[in-house]
Amino acid sequence: MRYRHFQELLELVNTKTDRKTVALVRAEDPHALEAVAEVTREGLVTPLLIGNREAIHQTAEQISFAITDDQILDAEDPESAASLGVQTVREGRADFLMKGKLETSQMLRPVVNKATGLGLGGVMSHVAVNEIPAYHKLLLTTDGGMLPYPTLEQKKSIIENAVKVMRKLGCDMPKVCVLAASETPNPKMPESMEALALKEMNQKGEIGDCIVEGPISFDLAMVKERAVVKNYQSPCAGDADILLVPNIHAGNILGKSLTEMAHAKMAGLIVGAKCPIVLTSRGSSAEEKFNSLMLACIVSG
């Protein structure tokens, strides 16, 4: 099944009988708490709010969100709040995390701690699921938010993380396009050679449950007519499910171009850990935060 709109994902979440628990770290952030309040009112999650108890109560009152004292875990500073959030997941009290009023580095430091964090021994990466008016289905882009300059082996893991997400969304054999400036491998452009290597790994069965194409340019991955004009033959042409970008800069530019200029709606997560992590930016819209929480409900099982 291929989904076209986030509304369809909301309907998917509503079919699930088990309500997930989200641990909102530094929950005194009004925008993050408002997003959690909305998904709570929809009946999608149970909130666990971590931070300064008095400040959380005040913020909840400001946004008319009724909470009880036992839904709050006290933590007076960002570091202890993030550590406590990780602990709730390790102890099975929360199904996933969301970043509130703290820096991304403060949030991720206890997550990546090798002794007490949420790592699984592999790569953690960022995925963004996009609803684009000009495209015929939801599109996942990766990694525009976690790994600055991934190696070839890390890109393999990034693909595997993204494929797991798409399979949770009902896409059994995602089409992965490894982006480059041209569809022709060129030793002077290392990302094109890595794209070819990833395609060969897929053909050898080293990357499973998907079809990998690369190197491939953005227009060929997204627009079937461009592939026809260029006589480019690939089952992924014009039908990409996943776009793997060369580095974080390309991913950041692509993501913001889609949301700001192509009117895309977006949901973003860190995946590859013991639980998904909602790590939206301070400038993210309420809708983006809601969509990200909804996506986390699906990805967390």
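The values are calculated or read from the model by the stated rules, or taken from the named source; none is laboratory data. Everything numeric in this text was worked out from a predicted model, so none of it was measured. Positions of Cβ are generated from backbone atoms using ideal geometry, with glycine treated the same way; all protein chains shown enter the neighbour counts. Note: accessible area is taken over every heavy atom of the protein model, side chains too, but ligands, DNA and RNA are not part of it. Shrake-Rupley method; radii C 1.70, N 1.55, O 1.52, S 1.80 Å.
Any idea how far the Cα center of the stretch 211-231 sits from the one of the stretch 250-291, in Å?
That distance is 24 Å.
With an 8 Å cut-off on Cα pairs and a minimum separation of 6 or more residues, tell me the relative contact order of the chain in percent.
Relative contact order for the chain comes out at 22 percent.
I want the local charge near Arg19. Using Cβ-Cβ distances under 12 Å, sum +1 for each Lys or Arg and -1 for each Asp or Glu among the other residues.
Summing Lys and Arg as +1 and Asp and Glu as -1 gives -1.
Give, in nm to one decimal, the length gained when the segment between Glu91 and Met261 is fully stretched (0.36 nm per residue of separation minus the Cα-Cα distance).
57.0 nm
Roughly to the nearest percent, how much of the accessible area of the chain is carbon and sulfur, given a 1.4 Å probe?
Whole-percent figure for carbon plus sulfur exposure: 51.
Can you give me the long-range amide H partners of Ala264? Hydrogens built in the peptide plane at 1.01 Å from N, cutoff under 5 Å, separation of 5 or more residues or another chain.
Thr259
Which whole-Hz ³J(HN,Hα) couplings does the stretch 123-133 yield from phi under the Karplus relation 6.51 cos²θ - 1.76 cosθ + 1.60, θ = phi - 60°, glycine and proline marked x?
9, 9, 9, 9, 10, 10, 9, 10, 9, 10, x
Add -39500 (n - 2.57) for each DSSP H run of 4 or more in the chain, then divide by its residues: what number comes out at 222 nm, to the nearest 500 deg cm²/dmol?
Here the helix-only value at 222 nm equals -12500 deg cm²/dmol.
Mind running the shape call on the chain? Use the C-alpha gyration tensor, a ≥ b ≥ c as the square roots of the eigenvalues: rounded below 1.5 for a/c, prolate if a/b tops b/c, oblate otherwise.
prolate
Measure nothing fancy, just the Cα-based angle from helix 30-41's long axis to the longest principal axis of the chain, in degrees from 0 to 90, nearest 10.
Taking the Cα atoms of the chain, the angle to 30-41 is about 90 degrees.
What does the accessible area per residue of the stretch 86-131 come to in Å², with a 1.4 Å probe and no ligands, DNA or RNA counted?
45
Among Pro133, Pro246, Pro174, determine the one that fluctuates most according to a GNM of the chain built with springs between C-alpha atoms less than 10 Å apart.
Residue with maximal mean-square fluctuation among Pro133, Pro246, Pro174: Pro133.
For the stretch 232-243, take each phi angle, set θ = phi - 60°, evaluate the Karplus expression 6.51 cos²θ - 1.76 cosθ + 1.60, and give the result in whole Hz per residue in order, putting x for glycine and proline.
Computed from phi, the couplings for the stretch 232-243 are 8, 9, 6, x, 8, 4, x, 9, 5, 9, 10, 10 Hz.
Using only the Cα atoms of the stretch 211-301, build the gyration tensor, take square roots of its eigenvalues as a ≥ b ≥ c, and label the shape rounded, prolate or oblate: rounded if a/c is under 1.5, else prolate if a/b is larger than b/c, else oblate.
It is prolate, given that a/c is not under 1.5 and a/b is the larger ratio.
Give a residue-ordered list of calculated ³J(HN,Hα) values for the stretch 56-65 (Karplus: 6.51 cos²θ - 1.76 cosθ + 1.60, θ = phi - 60°; whole Hz; x for Gly, Pro).
Working through the residues one at a time gives 5, 4, 5, 5, 4, 5, 5, 9, 6, 10 Hz.
Taking 0.36 nm per residue of sequence separation and subtracting the Cα-Cα distance, how much length would be gained by fully extending the chain between Arg19 and Arg41, in nm to one decimal?
6.7 nm
With the chain treated as a Gaussian network of Cα nodes joined by springs under 10 Å, which of Leu198, Leu49, Leu120 yields the largest mean-square fluctuation?
Taking springs between Cα atoms under 10 Å, the residue moving most is Leu120.
Any idea of the accessible area per residue across the stretch 199-301, 1.4 Å probe, to the nearest Å²?
Working: 4430 Å² over 103 residues.
Spelled out: the 1.4 Å probe surface of the stretch 199-301, per residue, equals 43 Å².
Using only Cα atoms, find the angle between the long axis of helix 248-260 and the longest principal axis of the chain, and express it within 0 to 90 degrees, rounded to the nearest 10.
Helix 248-260 sits roughly 80 degrees off the main axis of the chain.
If the limit is 26 Å between Cα atoms, which of Lys99/Lys274; Lys20/Lys168; Lys164/Lys199; Lys114/Lys204; Lys20/Lys175 go over it?
Distance filter (> 26 Å) returns Lys114/Lys204; Lys20/Lys175.
If R₀ is 35 angstrom, what is the calculated FRET efficiency for the pair Gln7 and Gln62, using the beta carbon separation as r and rounding to 0.05?
Values: r = 29 Å, r/R0 = 0.82.
Efficiency, from the Cβ-Cβ distance: 0.75.
Taking only C-alpha pairs under 8 Å that are 6+ residues apart, what is the relative contact order of the stretch 240-301 in percent?
RCO, the stretch 240-301: 26 percent.
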